[in-house]
1. Would you please give the residues with an amide H less than 5 Å from that of B:F76, counting only those at least 5 places away or on a separate chain, with H modeled from the backbone geometry?
2. Projected area of chain B, taken from the Cα convex hull and averaged over every viewing direction, in nm²?
3. Roughly how crowded by other chains is peptide A:34-42, in terms of the mean Cβ count from those chains within 10 Å of each of its Cβ atoms?
4. Given the -39500 (n - 2.57) contribution per DSSP H run of 4+ residues, what per-residue ellipticity at 222 nm results for the protein assembly as shown, rounded to the nearest 500 deg cm²/dmol?
5. Can you tell which of A:E20, A:E53, A:E110 shows the greatest fluctuation in a Gaussian network model of chain A with Cα springs below 10 Å?
6. Out of the GluC sites (Glu not before Pro) in region B:134-229, which ones are loop residues according to DSSP with at most 16 other C-beta atoms within 10 Å?
7. Between A:F28, A:V43, A:M55, whose Cα lies farthest towards the positive end of the dipole of region A:20-83 when Lys and Arg beta carbons carry +1 and Asp and Glu beta carbons carry -1, centred on the Cα centre?
8. Dipole of the protein assembly as shown (Lys/Arg Cβ +1, Asp/Glu Cβ -1, origin at the Cα centre): which of B:T25, B:M261, B:Y214 lies farthest to the positive side?
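Just so you know, all these numbers are worked out from the coordinates, no wet-lab data involved. Source: prediction; values computed, not measured. Note: ideal-geometry Cβ built from the backbone for every residue, glycine included; neighbour counts use all protein chains shown.
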Amino acid sequence: MDARDDIYEYSLDLHHGEEEGKKIRKKFMMVLAILSMVTIVEVGMGMMWSRDESMADILKYTFIILTLVKAGYITMIFMHLGDEKKSFQWTILAPYFILIGYLIFISLTEAVYAGGVRPGIENYFGF
Amino acid sequence: MSGHVSQTAAPSHSDHEAGAWAGGTSPFKISYGKMMMWFFLISDAFTFSGLLTAYGFMRHKYEDIWPTAGDVFTHFPFYDGHIELAYVAFMTFVLIASSVTMVLAVEAGHRMNKKQVQFWMVLTIVGGLIFVGSQAWEWYHFIHGTEHGAYLLEDGVTVMRYKIDPHTHIIEEGVFLVPENDHSGFREVVGNEAQSMLSTATHIHGANLKHNEYGVPLFADFFFFITGFHGFHVFSGVVINFIIFLMVVEGKFEKTGHYEMVEKSGLYWHFVDLVWVFVFTFFYLL
């Protein structure tokens, strides 16, 4: 393919040498270690306390926070969103943050209400 | 806008530094293809959030009778006993590891190292295949269910289950669990009452879209739909990665001068991993 000078290839900006590559690979391995550890901790907590009623709430919020930690590492490091421009990061994340609050509201408040008024077990398909 | 745009309003090349949005340059400093992949992923993320929200809604609505994932997914290959969620944890690890091999392929691409890009992409594809295979294996066990099964009562929706100790996984003989009518959980049924209910019940094993031996059929419906939709994403990710891998082998990107295509398929692959992190939490852990 002939080089075209009217299109600037932004992907060329990302090229780096051996030395920097080594540093970047080390960072990826750190992230792998963190994500694996978090998963092991989650499964371990689930095994130990999932049937303990008094731990239910703590477990729930710990799992959600750990999930967001994992999601943060994946998007920011693996998907390189952390390396993009701030304006682009917000373009991707802002619509999401706006919607998610509404979704959480529906799946908690609305659902608990719907559960409260649902008919008996004989009709639990009756939405 | 009218056709009469004055010449002075159009950005000249020397104005590039004036502002990112002055035109003539990419304000996000990102190529068209990568940006569009991000926009696609955002819409796909909305789809998955919709599915998980629907799941969360039903789960809270039927909180009293919703099955515990830890009771359902206890199988492990080449092992007869029960280990809760161990296999799902393994699957999660495989997907995270394949995400790392993908990002290493991208990194090798930034150094224009064709051999390493090939190597890491092969590992990524293998990881994806192991994950899809594991999912098929898990579906198989969920569909076939346990040996003892459960009983579908006369009404065609209520499931009467054996009482099983959550820690030892041993069945308590002659004791069954039936959902309470007032949504307060399950009540134990024994003796004559149990016998008379059993006489009109149908013995069922495993789960499908109509009934589910572990409890509410909706649990199975959501399981099949959400993990199925995600599994389809993994499968298409493997196909895309394979196509890109062939292009790498052909040397197409050496000619182009960069491996941005690997980055784009990588974005999709990481997204599949990202979705799984959420499915894992909301479906299996909580």
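1. When sequence neighbours closer than 5 places are left aside, the close amide H contacts are B:I83.
2. 22.6 nm²
3. 4
4. -19500 deg cm²/dmol
5. It is A:E110.
6. B:E147, B:E154, B:E180
7. A:F28
8. Farthest towards the positive pole: B:T25.
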